[in-house]
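The values are calculated or read from the model by the stated rules, or taken from the named source; none is laboratory data. This one's a predicted model, so the numbers in the text were calculated from it and none came from an experiment. Glycine also receives a Cβ, built like all others from the backbone with ideal geometry; neighbour counts cover every protein chain displayed.
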Amino acid sequence: MRLLEAIVDANHRALSGDEQAGLRPHEWADALPLVVLTCFDPRLHPLMPEVLGVREPDFIWLTNAGNVVTGPLSSTVRSLALACGMHDGKEIAVLGHTDCRFFQPVRFLLEGRLRSRGIHLGAAAARLDEFLGRLVNERTNVRTAVQHIRHSPLIPRAIPVHGLMVDIESGQLEWVVNGYDAQPAAELRQQPLPPPEAPLDPGFRISGDLPPIGTT
Ligand SMILES: [Zn+2]
């Protein structure tokens with residue numbers, strides 16, 4: 001069993017009532033620290049990093065809106081590369097969560113909330129629609145993020161890139177992409193890259209471009 005597989009196994013056993021379930025980080029020293037990209041939803045704060053069974057020194061946490069990765073050279077991927085290069089991150093996990101508010105069909109809700117705070121999107125509203133329309137759901141977004149990271153020339157090929165979901169209520173982990181079983185990174189890099197990033201900034205930092213749905 002490898003690190004992320006042990007993490008998911010321990011998580012499931014703990015939720016089933018196994019009081020002995022847990023990761024022994026000293027047994028995984030060669031695979032830690034773990035670099036994790038999540039949404040910045042504050043409901044995740046009580047879950048991290050305990051839900052993964054790793055200690056804080058072994059946990060490098062990056063967050064953004066909806067754990068979106070907009071391209072292989074995006075600022076988020078550059079941060080992930082620095083986390084691996086400067087803080088010796090050994091594996092990367094993109095961790096989406098249930099009930100993510102960035103994936104609800106909420107243009108009106110989002111626009112209304114922004115308007116109530118005096119922020120008017122104006123012409124950017126149509127582009128926000130386009131952006132939100134591409135974010136079909138949390139799982140698709142996780143798969144797309146993993147694909148972009150794997151395609152990135154900034155991420156060493158030896159680093160597995162995983163995709164998971166966490167239930168925001170129960171803390172249960174679920175696989176989306178097992179990075180150990182993925183195609184070799186070299187093979188992936190021979191495939192066409194997703195469309196280049198396009199300038200898209202509806203007024204806050206959820207800008208960028210995603211590949212058409214179904215290409216992940
Ligand atoms: Zn979220």
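From the list 58, 30, the lone residue that is among the acidic types (Asp, Glu) and touching a strand residue (DSSP E or B) at 6+ places or on another chain (Cβ under 9 Å) is 58.
If you check 133, 71, 179 for being in contact with a His (Cβ under 8 Å, 6 or more places away or on another chain), more than 24 Å from residue 48 (Cβ to Cβ) and either modelled with pLDDT of 85 or more or not in a loop (DSSP other than H, G, I, E, B) (or both), only one passes: 71.
Among the residues of segment 24-38, write down those that are in contact (Cβ under 8 Å) with a residue 40 or more places away in the chain and more than 12 Å from the ligand (Cβ to nearest atom). Write out each step before concluding.
Within segment 24-38, the subset in contact (Cβ under 8 Å) with a residue 40 or more places away in the chain is 30-38.
Hits for segment 24-38 are 30, 31, 32, 33, 34, 35, 36.
Looking at 44, 95, can you tell me which residue is part of a strand (DSSP E or B) and within 16 Å of the ligand (Cβ to nearest atom)? Talk me through it step by step, then tell me what you get.
Values: 44 fails: part of a strand (DSSP E or B).
Going through 44, 95 in turn, just one is part of a strand (DSSP E or B) and within 16 Å of the ligand (Cβ to nearest atom): 95.
Taking the listed residues 112, 66, the one that is touching a strand residue (DSSP E or B) at 6+ places or on another chain (Cβ under 6 Å), farther than 16 Å from residue 34 by Cα and in a helix (DSSP H, G or I) is 66, with no other qualifying. When segment 33-53 is filtered for residues that are crowded, with 21+ Cβ neighbours inside 10 Å and within 17 Å of residue 80 (Cβ to Cβ), the ones remaining, listed by number, are 33, 34, 35, 36, 37, 38, 39, 52. Cβ separations smaller than 9 Å between residues 6+ apart or across chains give the following pairs from segment 39-53 residues that are farther than 16 Å from residue 66 by Cβ to residues that are part of a loop (DSSP other than H, G, I, E, B) and within 12 Å of the ligand (Cβ to nearest atom): 47/168. The set of residues from segment 74-92 being at pLDDT below 95 and within 16 Å of the ligand (Cβ to nearest atom) is empty. The single condition from (1) assigned to a loop (DSSP other than H, G, I, E, B); (2) under 18 Å from residue 175 (Cα atoms) that residue 19 fails is (2).
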